[in-house]
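No value in this document is a laboratory result; all are computed from the given coordinates. This structure is a prediction, so every number in the text was calculated from the model and none was measured. Glycine also receives a Cβ, built like all others from the backbone with ideal geometry; neighbour counts cover every protein chain displayed.
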Amino acid sequence: MTHDPRIEAAALDWVVRQRDPAFEQWEEFADWMAQDPAHQEAYFELAALDAELADLPAPAEPAAPAANDDPADDNIVPFAPRRANRRAWLTGAIAASLVGMVSIGVLNRPSDSYRVETALGETHEVKLADGSRISVNGGSSILLSHADPRKAVLERGQALFHVVHREDAPFRVTAGEAELVDIGTVFDVTRIDGRTVVAVSEGAVVYNPAKDNVRVDPGRRLVARDNGAVRLGAVNPEAVGGWQHGQLVYDGVPLGDVAAEISRTTGIRLRTTPAAASITFRGALQTSTGEANLVDDLAALSGTRATQESGGWTLSK
């Protein structure tokens with residue numbers, strides 16, 4: 001079960017509300033469930049527990065007190081401890097523990113952020129409350145906020161953003177020392193080796209609006225190093241985010257970056273020697289051809305030699 005106390009508290013609230021025969025908020029409930037797989041996990045586990053509690057036998061009624069022959073005691077009501085309903089008791093206990101967990105979490109964290117992490121070869125799609133979507137590639141980590149779905153921090157790896165644009169609340173992505181502000185809809189961000197790479201498919205993105213204020217339009221690719229160096233180049237807009245569909249197209253990309261994206265997307269352990277990493281690569285690859293064929297195709301197109309090792313593959317000049 002998820003360890004996010006806010007999700008657990010919301011799931012418990014839905015379980016309790018649905019006990020009411022007059023409950024009618026099914027569309028709202030369905031929207032909440034669709035927002036995050038963690039919502040479904042938390043709800044179904046608590047709902048199952050609630051169903052088990054419903055099957056527990058009711059507690060026995062306390063025995064009636066014996067008759068008292070002393071008239072002076074006629075107005076004395078014998079003390080009989082009230083035995084609480086087990087479902088009500090457990091619901092209260094769970095709620096109390098969640099309150100404690102939320103309190104501890106608030107004390108330990110500056111916000112209600114949550115992290116989405118993926119392993120190499122694993123992808124994950126996040127649907128945000130504002131309708132935006134983030135496709136997270138393998139080997140990546142992104143930090144999001146329940147309270148503010150209009151911001152994201154790409155800690156490492158790669159993510160494709162489909163943003164619902166709002167003039168009053170632009171979507172902001174932080175990656176390393178870079179801040180990206182959307183003025184459009186679809187863009188890909190990669191954070192690797194002290195660099196932030198942005199490729200725009202639709203709309204536009206502004207890089208560091210308070211400082212550099214560089215606009216990245218569709219068909220443009222920005223590479224920003226943490227030391228401040230910024231370079232703009234061209235990219236095929238239709239190729240942006242192609243890793244989602246197993247189609248990787250490159251036009252003047254360092255071979256080291258190509259190898260890293262293949263590793264994220266497929267899970268293949270692929271590295272380059274320092275001499276090979278800086279080779280400028282142009283070409284198209286299909287990830288569905290199989291590991292050996294994919295690596296062989298990359299080596300042939302880049303003019304390198306592929307060597308298979310116990311830990312994966314190495315491309316060298």
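By the scheme Lys and Arg +1, Asp and Glu -1, what is the net charge of all other residues having a beta-carbon under 13 Å from that of residue 208? Neighbourhood net charge equals 0. Ranked by the mean number of other Cβ atoms within 10 Å of their residues, highest first, the peptides 252-265, 229-242 come out as 252-265, 229-242. On full extension, the segment bounded by residue 28 and residue 141 gains 37.8 nm, given 0.36 nm per residue less the C-alpha separation. This ranking places 23, 187, 281 by how few other beta-carbon atoms lie within 10 Å of each, fewest first, which gives 23, 281, 187. Along its three principal directions, the equivalent ellipsoid of the range 113-237 from the Cα gyration tensor extends over semi-axes of 20, 17, 14 Å, largest first. Ordering 139-148, 306-315 by mean Cβ neighbour count within 10 Å, with the highest value first, yields 139-148, 306-315. Within the straight-line cut-off of under 30 Å between alpha carbons, the lysines reachable from residue 127 are 151, sequence neighbours fewer than 8 places apart in one chain being disregarded. The value of relative contact order for the range 113-237, using C-alpha pairs under 8 Å at least six residues apart, is 16 percent.
Starting with the highest mean, order 201-209, 286-294 by the number of other Cβ atoms within 10 Å, averaged over the residues of each peptide.
Answer by packing, highest mean first, reads 201-209, 286-294.
One chain, two ends: residue 238 and residue 172. Fully extended at 0.36 nm per residue, the span grows by 21.5 nm beyond their Cα-Cα distance. In sequence order, the range 200-205 has phi-based couplings of 10, 9, 9, x, 6, 10 Hz under the Karplus curve 6.51 cos²θ - 1.76 cosθ + 1.60, θ = phi - 60°, and Gly or Pro positions carry x.
Return the FRET efficiency for the residue pair residue 280, residue 127: r is the Cβ-Cβ distance, R0 is 41 Å, and the value is rounded to the nearest 0.05. Could the numbers behind the result be given before it?
Values: r = 37 Å, r/R0 = 0.90.
The formula returns an efficiency of 0.65 here.
If R0 is taken as 41 Å, the Cβ-Cβ distance between residue 217 and residue 309 corresponds to a FRET efficiency of 0.45. Counted by neighbouring Cβ atoms within 10 Å, the residues 125, 28 run from fewest to most as 28, 125.
Ranked by how many other Cβ atoms sit within 10 Å of their own Cβ, fewest first, the residues 114, 250 fall in the order 114, 250.
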